[in-house]
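Comments concern the structure below.
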Amino acid sequence: MTTRKENSVNLENEQALGNDCPFIFALSLMGKRWKPAILWKMTEGFYRFGEFKREIPQISEKMLTQHLRELEVDGLITRTIYPEMPPRVEYALTKLGLSLQPVLEQLNSWGKVAKKIKNNI
């Protein structure tokens with residue numbers, strides 16, 4: 001989740017909405033611009049950092065690193081470090097992350113339809 005100042009009104013609102021509304025809680029876990037794309041790619045299997053960069057070239061290394069850390073803290077992905085030279089790090093969906101797959105598939109399908117409708121307006 002996003003780090004906010006402890007006395008921030010935004011933090012209070014975020015916490016209240018997250019506690020009261022399952023929909024807002026779910027979006028807080030997978031929200032932001034790049035998180036759904038990262039999660040969508042991971043439904044295919046484990047990924048390494050460089051693979052994310054090739055698959056989602058528009059994301060900066062800083063944002064990718066930040067989102068991967070947040071997804072790990074939120075329990076949606078695991079990070080495995082292999083003791084090799086150079087070290088190899090792989091990211092995979094947890095059981096909780098895998099439970100998002102049907103939602104991500106529906107969102108992808110809806111996005112295709114919405115894009116066609118929007119292009120015809």
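Descriptive notes on the structure:
- Subset of the range 83-118 [within 16 Å of residue 29 (Cβ to Cβ) and among the hydrophobic types (A, V, I, L, M, F, W, C)]: 93, 96, 98, 100, 103, 104, 107
- Which listed residue, of 64, 96, is assigned to a helix (DSSP H, G or I), closer than 18 Å to residue 33 by Cα and modelled with pLDDT of 90 or more: 64
This table checks each residue for (1) in a helix (DSSP H, G or I); (2) closer than 20 Å to residue 107 by Cβ; (3) at pLDDT 70 or above.
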{"site": "4", "(1), (2), (3)": "no, no, no"}
{"site": "17", "(1), (2), (3)": "yes, no, no"}
{"site": "23", "(1), (2), (3)": "yes, yes, yes"}
{"site": "51", "(1), (2), (3)": "yes, no, yes"}
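- Number of positions in the range 81-120 that are of a type outside the set (D, E, K, R) and touching a Phe, Trp or Tyr at 6+ places or on another chain (Cβ under 7 Å): 5
The values are calculated or read from the model by the stated rules, or taken from the named source; none is laboratory data. Just so it is clear, the model here is predicted, and its values are computed rather than measured. We place every Cβ from the backbone using ideal geometry, glycine too, and count neighbours over all the protein chains shown.
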